[in-house]
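A quick write-up on the structure given underneath.
The values are calculated or read from the model by the stated rules, or taken from the named source; none is laboratory data. Remember, it's a predicted structure, so these values are computed and weren't measured experimentally. Backbone-built Cβ (ideal geometry, glycine too); neighbour counts: all protein chains shown.
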Amino acid sequence: MGDGIYWPTFFFLLFSALACGFALAVVFSRNVVRMAFYLVMSLASTAGLFFLAGEDFVGAMQLMIYVGGTLVLLIFGVMLTSQKQFVEMKTPAGQWIVGLVTGCALVALLWMAAFETPQWQPISRAEAEAVAVQPTATPIGVALTNGRVDQLDQPDETLRGGMSSYLLPFEIVSVHLLVVLIGAAYLARAKRRSPSAAAPG
Amino acid sequence: MHHFMLANLLTEPVGVAHYMAVGAVLFVCGVLCMALKRNALGVLMGIELVLNGANLNFIAFGSRFLRGEGQGLGLDGPLMALFVIVLAAAEAAVALAIVLNFYNNYDSVDIDRADQLQG
Amino acid sequence: MVIGVARTDFEKLEVYQLAERLADLTWRIALHWDQMAKATLGGQLIRAADSVGANIAEGCGRGSYGDNRRFAKIARGSLYETKHWLRRAYSRDLLDAGQIEQLRSIIDELAPRLNAYIRSIGRAACNPKTDTTDYGPRTTHMSTLVDDPRVIEFDVRTDEMLVNMGPQHPSTHGVLRLVLRTDGEVVSEVTPHLGYLHRCAEKIGENLTPRQWIPYTDRMDYLAGMNMNLGWSLTVEKLLKYEPPEKGRHLRVIIAEMGRIASHLVGMGAYGLDLGSFSPFLYAFREREKILDLFEEVCGARLTYSYLTVGGATADLPRGWLQKCEAFLEQFEPIIAEYHALLTTNSIFIKRTAGIGVMSPEMAINFGTSGPVLRGSGVDHDLRRDGEEIYTAMYDGYAFEVIVEKDGHYPKDHKYPAVPHEAVLGDCWHRFYVRMLEVVQSIDLVRQAIDRYSTAEGGYGEPRKLTEKLPKGEAYLETESPRGQMGFYLVSDGSSIPWRARARSSSFCNLSVTSDLCRGCLIADIPAIVGSLDIVMGEIDR
Amino acid sequence: MAEFLANYLPAWLAYMVAGAIHVGLIINLVAVGALVFIWLERKISGRIQDRLGPTRVGGKFGWLQTLADGLKLLTKEDLVPGGADKMLFRIAPYVSFCASIAAFLAIPFAGGDYPFIVQHVNTGVFFVLAVLGLEVFGVILAGYASASKWSLFGAMREAAQVVSYEVPLGLCAVVPVMLAGSLDLVVIGDVQQGWFTNWLIFHDPATFLIFWVYFTCATASVNRAPFDLAEAESELVAGFHTEYSGLRWSFFFMAEYGSMFSVSLLASILFLGGWNGPLPITEWLGLTAANGDIAWYIGQVLGVINVIGKAVAGVCVMMWIRWTLPRLRIDQVMATCLKYCTPLAAAFFLGAVAWQWSLPGRTFFGLLESPAELQSVSEGWSDATAAATDEDEPEASEDQTVSSEPSRKVAAAKLTGAAALQIASTNLQGGK
């Protein structure tokens, strides 16, 4: 089995190709509704990559919140503002050229950086297969409330204490979401059409 | 570039670098969207892509399958990713509100026309 | 930095350009009016239209945003005033179609742009840059000639949509076409369009003898063919001054009330269908089938009977029919409780119908509605009691109370489900309820009629000969058909063929309330309201 | 399965074959399930409405009626409206269908150490809900791409409705998760083994009530009457699928029936004991792993029959409701969600917490002790958490794990996959 296909890699290639392909489609598509669709596909494929990295919980989160919530929101926006002339808007060719050159350069740079760093190399197949599958939700749940399961073996007592939990950020995010919720409700509130302020001209 | 970039794909596991490469593509696509789209909603989608690319890096660094036991960020990775996802949802709502208000006032979603603050 | 207000030139503002066009157009239109119109309407109109642009310009020239906004609002006021004068002009027939179209297109564009402009002042100041790119006229923003205060404005502005509901639509009961102007789910205007089922029945009536026209009356309200036959027969009999024998009179009551039951069953079932509840429809049809079986036994037809005719009926009731009819009533009466459970008292049904499409008694009368639609609004009117002598004579001696809410309650002759507290008199729920109670009442009437029929002496009447000459003159008679007041009008020049035959349809008047009832409701309420009127297109278009 | 096949085939082929078999099974489950459900719906609606339903095709009960309809749909012309966005119009049904199928990936049909499940995801509940939520995309795309106003109305309604109902649905699903201490559907199913008194619906009054809230929300989230506003035929002609014909239309239908089935499966696993029958028959008959593979296999198949039986019962109830009740209006649907379902779900959630706290270690409305087997499984865990007695919120396993130093160590050790069931069952008993 030593040189058989390593399936996670196969699926990594599949999902990354989908994610990148649809991301490019978002860039190159001119129709805003199709862009939204490609974005959904790209985000869903990224969720697949999360699953492959062993983070089911975040993957499911991505599907639920990102793909489900955010994109529905976006599509609402698209539909509310979709008139013929906005569905397709052209960008001047000059901008395209500059953008693409810069983009390619940036990608090249980032790839160089990623692949040149020895610590970021893959581990061997034997090592990868030895990694035990663990529940993902429980440690995250624990980390959000009480403490860090993965830091229990931390020899440094002070460090361990400092990394005890994410309770505060969690609360901040909750309050933040509440604020956004209220803001959204405020935005979408209905008001009666006020009687016109008719003054004699 | 090192040999592992494409050499043993299909038979060997991928590493953090591969995830980062995908993340880089998503990130750059997002940036391009933000830069090139005239439609405000397109820009919004670009932001989502950028955040998603960044998220991929957090996940990659946090994963035990990519860097081995005890080497990665541990729980910081997925937790940061979670916060990013949640905040991205909030950000999308707010940004959409801005876009809709802009549309209400200007009858347009062309961000090139949102130039009131320029001198 | 803040954009200097003074340096912006108002000529480039699109709102201003539109206002100019509006002012000039009204001038050109008013130029051709007569002296009277010019002096009254024309001057006011032109002054109002001119003031729109003038105020925009004046606002632009002022130093502060506050002033500018104030003048822009005055401009908006003037625009509304212009609309008012245009409406007057329209109602006094001073505008032709082309002019209306032109004005509408300008105002449709100007009104939202002016609103956007007002909102943008201070943020965008008077910067013409925000407004110069022409994206062409937007779809449709606000109804120009109908400004309804009930229309809700959201901060998130959405575009209005014109939707054709029908003539092919599952819940428009045939070929009714409703044009809806909607903003999201909220309907701001409903315009019914008719004529998709027009078959020139009235014209045909002028080429046939009265008895030959009976089959055409079947096809008017095809759900209550018997009642249509009866209406026409009585009209002709009124002209002939003919009075059917007593047995025939009771026979007609039996048949007409059975027809009413059958018709209300369809109305009830189809109403359930309109609200998304399929099963009651089939329950109703199951019972209706039994009535149709009885009718088939009587006359051989199940839908277009041509049974009741001038002079009586085409044949007597078959032997044993009365027993079958009684057996049916016996079996049918307890089932009504099921309908009440499935619909009348079902809480979702109440949620969907109570307080929806409320029609005040005055409105019901003003629109000329009749039948359960009228009585659902609490107007105590039923032609079986209040009609002409020749018709009410049919029900002479019958014990029945008009089904209408009087002094806060319905007749207490039977045990009916209580009126829910959400229901308002005149809403869809009450119209439906009246129909349900009328079914029970009709059962009573049929029972009484069966008793009388079986004890009555003599014949059931004698159908008139086809070629019999009609006396010279005219006759008009209204009868209480299941859907309301069904009138037939007959003018004779002395020959056997009527010189004029006309029908006055109850559904037509009942339908006319839709645009008023449906304004400001949700799309889902449209089937609920139209369904509660229980219209039959065959009768409307004839 | 792949490991088994690898004995006979090259490894790469074994994986592919195993994958293909799983995918084939799921697609068959959804497609055949849809066939059966459509037939069932016709029969049920027929019986409800005093009719017979299909009687001819395929013999006495019209078994093959749906198949015949399917053939008809296959041969129908595949119409695309002139003004439509053709690409999105064509792809939309597949998006819905894929989302509906994908939910089955993580739904177990029998539990134990080797559950019958395509992919054992340890955040199963969450995954299924997330994937089911994606179905709305196909509908939105279909509505937008059809270039029909009715379709657009349907799509907007669906979007608003499904997104709103995910909130109470999630809240309801969290209660069994909390009681079992795991997001893993296999674990949640397994903690309910034994008599029906161990079913989570009977755990306490709050879970009993929240089950009905869950069922309401599930009905709404899969667009069934009285919440079928996206395709309300009396208002919107056919809503989002007005312009669809033939096979593409049938994909929407399969997706609808597929998601009906999956939310019912979820209900049966979360609340109704999953693969555990009302009586511990498999145990009485000795159909467990201890008595050999064949006994175990029969036991598992009984479990599959159990869970599918409960799910089909759930689907039948949905059909019964559909043919009985009128449809709500969109604002009433939203009010039902925001004014009733969400607060009720939240209140019952707190109720379940309170009950669990005040009556730990008891099931069936607190009348019964948790069975000894379940307690013995969790003894080790109880020892580990014995120190954690000064807890603020003893109902959540997370809190118990890391309150004091010694228990933290054990907690870390326990947090590996196999211990999930132990956490769960401890949790079910209150953990003290």
Matching residues, segment C:164-219, being buried (at least 17 other Cβ atoms within 10 Å of the Cβ), in a strand (DSSP E or B) and under 20 Å from the mean Cα position of the chain (by Cα): C:MET165, C:ARG177, C:LEU178, C:LEU180, C:ARG181, C:THR182, C:VAL186, C:VAL187, C:SER188, C:GLU189, C:VAL190, C:PRO192
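Listed here are the residues, each with its yes/no results for (1) at negative phi; (2) hydrophobic (A, V, I, L, M, F, W, C); (3) in a helix (DSSP H, G or I); (4) in contact with a helix residue (DSSP H, G or I) (Cβ under 7 Å, 6 or more places away or on another chain).
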residue: C:GLU257; (1), (2), (3), (4): yes, no, yes, yes
residue: C:GLY269; (1), (2), (3), (4): yes, no, yes, yes
residue: C:SER306; (1), (2), (3), (4): no, no, no, yes
residue: C:LEU317; (1), (2), (3), (4): yes, yes, no, yes
residue: C:ALA327; (1), (2), (3), (4): yes, yes, yes, no
residue: C:GLN331; (1), (2), (3), (4): yes, no, yes, no
residue: C:ILE336; (1), (2), (3), (4): yes, yes, yes, yes
residue: C:ILE365; (1), (2), (3), (4): yes, yes, yes, no
Collect the residues in segment D:210-234 that are in contact (Cβ under 8 Å) with a residue 60 or more places away in the chain and over 18 Å from the mean Cα position of the chain (by Cα), keeping them in residue-number order. D:ALA225, D:PRO226, D:PHE227, D:ASP228, D:LEU229, D:ALA230, D:GLU231, D:ALA232, D:SER234
Going through segment D:298-355 one residue at a time, which ones are more than 21 Å from the chain's Cα centre (by Cα), assigned to a helix (DSSP H, G or I) and not hydrophobic (A, V, I, L, M, F, W, C)? D:GLY299, D:ASP331, D:GLN332, D:THR336, D:LYS339, D:TYR340, D:PRO343, D:GLY351
Where in segment A:7-74 are there helices (runs of 4 or more DSSP H), lying fully within it, with 1 or more residues that are surrounded by 24 or more Cβ atoms within 10 Å (Cβ to Cβ) and within 12 Å of chain D (Cβ to nearest Cβ)? A:32-52, A:56-61
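Given the criterion in contact (Cβ under 8 Å) with a residue 40 or more places away in the chain, in contact with a Gly (Cβ under 7 Å, 6 or more places away or on another chain) and crowded, with 17+ Cβ neighbours inside 10 Å, identify the matching residue among C:GLY487, C:GLY461.
On the way: C:GLY487 fails: in contact with a Gly (Cβ under 7 Å, 6 or more places away or on another chain).
Going through C:GLY487, C:GLY461 in turn, just one is in contact (Cβ under 8 Å) with a residue 40 or more places away in the chain, in contact with a Gly (Cβ under 7 Å, 6 or more places away or on another chain) and crowded, with 17+ Cβ neighbours inside 10 Å: C:GLY461.
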D:GLU243: free of Cβ contacts under 8 Å to residues at least 60 places away in the same chain and either buried (at least 24 other Cβ atoms within 10 Å of the Cβ) or of a type in the set (Asp, Glu) (or both), yes or no? no
Residue that is farthest from the other protein chains (Cβ to nearest Cβ), among those in segment C:1-30 that are under 14 Å from C:ALA54 (Cβ atoms) and modelled with pLDDT under 80: C:GLU11
Among the candidates D:TYR15, D:TYR94, which residue alone is aromatic (Phe, Trp, Tyr), closer than 19 Å to D:GLY246 by Cα and within 14 Å of chain A (Cβ to nearest Cβ)? D:TYR94
Criterion first (in a helix (DSSP H, G or I) and surrounded by 24 or more Cβ atoms within 10 Å (Cβ to Cβ)) does D:VAL163 satisfy it? no
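Do the conditions hold for C:GLU462, that is, is it at pLDDT below 85 and over 20 Å from C:ASP380 (Cα atoms)?
Details: at pLDDT below 85: yes; over 20 Å from C:ASP380 (Cα atoms): yes.
Against the criterion (at pLDDT below 85 and over 20 Å from C:ASP380 (Cα atoms)), C:GLU462 qualifies.
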Which listed residue is under 30 Å from A:GLN121 (Cβ atoms) and either more than 7 Å from chain A (Cβ to nearest Cβ) or modelled with pLDDT of 75 or more (or both), from B:ASN105, B:ASN55, B:ASN39: B:ASN55
Can you tell me which residues in segment D:268-324 are surrounded by 16 or more Cβ atoms within 10 Å (Cβ to Cβ) and small (Gly, Ala, Ser)? D:SER268, D:GLY273, D:GLY274, D:GLY277, D:ALA295, D:GLY299, D:GLY303, D:ALA311, D:GLY314
Name the strands (runs of 3 or more DSSP E) wholly within segment C:420-508 that hold at least 2 residues that are within 23 Å of C:GLU246 (Cα to Cα)? C:473-481
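Given the criteria part of a helix (DSSP H, G or I), in the same structural domain as D:THR216 (by TED's automatic domain parsing) and either without any contact (Cβ under 8 Å) to a residue 24 or more places away in the chain or of a type outside the set (Ser, Thr, Tyr) (or both), does D:ALA173 qualify? Full working, then the answer.
Details: part of a helix (DSSP H, G or I): yes; in the same structural domain as D:THR216 (by TED's automatic domain parsing): yes; either without any contact (Cβ under 8 Å) to a residue 24 or more places away in the chain or of a type outside the set (Ser, Thr, Tyr) (or both): yes.
Against the criterion (part of a helix (DSSP H, G or I), in the same structural domain as D:THR216 (by TED's automatic domain parsing) and either without any contact (Cβ under 8 Å) to a residue 24 or more places away in the chain or of a type outside the set (Ser, Thr, Tyr) (or both)), D:ALA173 qualifies.
Got a number for residues in segment D:203-224 being within 14 Å of chain C (Cβ to nearest Cβ) and either aromatic (Phe, Trp, Tyr) or crowded, with 24+ Cβ neighbours inside 10 Å (or both)? Steps first, answer last, please.
Step one: list which residues in segment D:203-224 are within 14 Å of chain C (Cβ to nearest Cβ), which gives D:216, D:219-220, D:223-224.
Restricting the remaining residues to those that are either aromatic (Phe, Trp, Tyr) or crowded, with 24+ Cβ neighbours inside 10 Å (or both) gives D:220, D:223.
Number of matching residues: 2.
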